[in-house]
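Down below is the structure, laid out as structure tokens.
The values are calculated or read from the model by the stated rules, or taken from the named source; none is laboratory data. All values derive from a computational prediction rather than experimental measurement. Using ideal geometry, Cβ is built from the backbone for each residue, glycine included, and neighbour counts are taken over all protein chains shown. What goes into the accessible areas is simple: the full protein's heavy atoms, side chains included, and nothing from ligands, DNA or RNA. Shrake-Rupley method; radii C 1.70, N 1.55, O 1.52, S 1.80 Å.
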Amino acid sequence: MTTQTIPTEEKKGGFFANFKFPSAYTILFVLIALVALLTWIVPAGQYDRQMNEDLGREVPVTGTYQAVEGNPQGVIDVLLAPIDGFYDHNSYEAAAIDVSLFILIIGGFLGLVTKTGAIDAGIERVTARLAGREELMIPILMALFAAGGTVYGMAEESLPFYTLLVPVMMAARFDPLVAAATVLLGAGIGVLGSTINPFATVIAANASGIPFTDGIMLRAIMLVLGYGICVAYVMRYARMVRADQSKSIVYDKYEENKKHFLGNQDGGSLEFTTTRKVILTIFGGSFGVMIYGVSVAGWWMAEISAMFLAATILVGLVARMSEEDFTNSFIDGARDLLGVALIIGIARGIVVVMDRGMITDTILFSAEQMVTGLSSVVFINVMFFLEMLLSFLVPSTSGLAVLTMPIMAPLADFAGVGRELVITAYQSASGLVNLITPTSAVVMGGLAIARVPYVRWVKWVAPLLAILTLFCIACLSIAALI
């Protein structure tokens, strides 16, 4: 594998022939600067907060908003934001350093497994057995990721699957975007249609004072129908690319990506030895253990990282690698994903500046004022769009629930709307925005791993987002009328 870099837009013809889009690093730094500028314009304010024992967090108290002394963010704050973004615990998300270290360890693990040739040999066997049926991978895998999203809010733990799926999809004559879309849209539609997701539905329901099972039928319907829409969209593009590679939105990087992801497959067929079979078993088993740990045993980044470190050592022993080969392969693999680890901290810096500039609660208070006194259908749709706006600023689903539900849910009582519908509006909006928001480590990190430029991803997924937005509006409006 070659050194990982964050891809940028290159000349591609048409609009791209005259413009070169900035890298993800530059986009995020510009956003940090813009949010810092807002702290000089938007009045500072804050709600009183009280401890919610069920959530184990402090939540804002409705009706207590008050203006406070501002804390405008300057040049030094902007420069510090990406650094503080790695370890800041004052925002509604956990420190990004945990995710970044996880990414580096995953990189080392994948680098070591790739060095053994086990992945390449396995890909050859999979593509040979799926000859003529490669398209089946898309709905099957998207269903699995959607299940993870709706059950436990699959997010950061989906990042390793990008590196796993891109070579498989490319060997099946698709492109890296198909792999990225399979993971990101699969897990994303699961979060949008969360049913028992403890990090979205359960937290939001607790903050709203209702059982999390209220409204579960509507969310299940949205999950199934939304999954069908996403699968159809991805498969349409996948078929087009498979028939004509020049239709790929990353076609200009075809040779570069082929060398990066399939570099070891140019020299002919690889023997699928017993050692490689054992290594692949360890490889697949590690992901199974990770999913079990997150969904059942309460693991998070530290435990998952330790598990993959143990799996790395086990692979090295099975492959009978020398100490030098082992360490070099691990370091090379970690180096491949260093850019991804860095971008996660930069993305988190946006939230750091907004919180320290004391404008988060002011924006929430403005949203509260906007929805007061509206009819049921108008209320729920305005709520939906307000939650979309707030999701850009607070990409964490649990953080957004803790921030907004104690304020927004009680307003539903005056609009004649059930509080469970407010929860559905919140998680639908959050699920949609988290498919594109540059403040999300999952979006920026996943696209970087798959080597899909952010601007091209947004351009490709925009029509789908429009369809899903109309779909959510229709579901929420009908529910408000019933």
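Things worth noting here:
- Amide hydrogen neighbours beyond the local backbone of Leu374, cut-off 5 Å, H modeled: none
- Separation of alpha-carbon centers, the stretch 209-229 and the stretch 337-403, rounded to whole Å: 22 Å
- Given charges at beta-carbon only (K, R positive; D, E negative), |dipole| of the stretch 328-482 in Debye: 460 debye
- Relative contact order (%) - the stretch 377-457, alpha-carbon pairs under 8 angstrom, separation at least six: 37 percent
- Two-site label geometry, Arg335 and Leu225: point separation in nm, points 7 Å out along Cα→Cβ: 5.2 nm
- For the stretch 415-428, 3J(HN,Hα) computed residue by residue from phi via the Karplus equation (6.51, -1.76, 1.60; θ = phi - 60°) reads 8, x, 10, x, 4, 5, 6, 5, 5, 4, 4, 4, 6, 5 Hz, glycine and proline entered as x.
- Spatial separation of Cα centroids for the stretch 309-325 and the stretch 442-456, in angstrom: 30 Å
- Our summary gives the stretch 93-244 a relative contact order of 26 percent, counting only alpha carbon pairs under 8 angstrom and 6 or more residues apart.
- Trypsin sites (Lys or Arg not before Pro) within the stretch 217-323, DSSP loop, no more than 11 other Cβ atoms inside 10 Å: Arg320
- Using alpha-carbon coordinates, inclination of helix 454-481 to the longest axis of the chain, degrees: 40 degrees
- Residue-span extension gain [Val75 to Asp325] - 0.36 nm each, minus C-alpha spacing: 85.6 nm
- Relative contact order, whole percent, for the stretch 231-362 stands at 16, derived from Cα pairs under 8 Å and 6 or more residues apart.
- Solvent-accessible area, 1.4 Å probe, carbon plus sulfur percent, for the chain: 65 percent
- Cα long-axis angle, helix 274-295 against the chain (0 to 90 degrees, to the nearest 10): 10 degrees
- Computed extension length for Glu303-Trp40: 90.6 nm, one decimal, from 0.36 nm per residue of separation with the Cα-Cα distance subtracted.
- 1.4 Å probe accessible area per residue over the chain, in Å²: 40 Å²
- 15 Å beta-carbon shell around Ile76, net charge (K/R +1, D/E -1): -1
- Debye, to nearest 20: dipole size of the stretch 170-268, +1 on Lys, Arg Cβ, -1 on Asp, Glu Cβ: 200 debye
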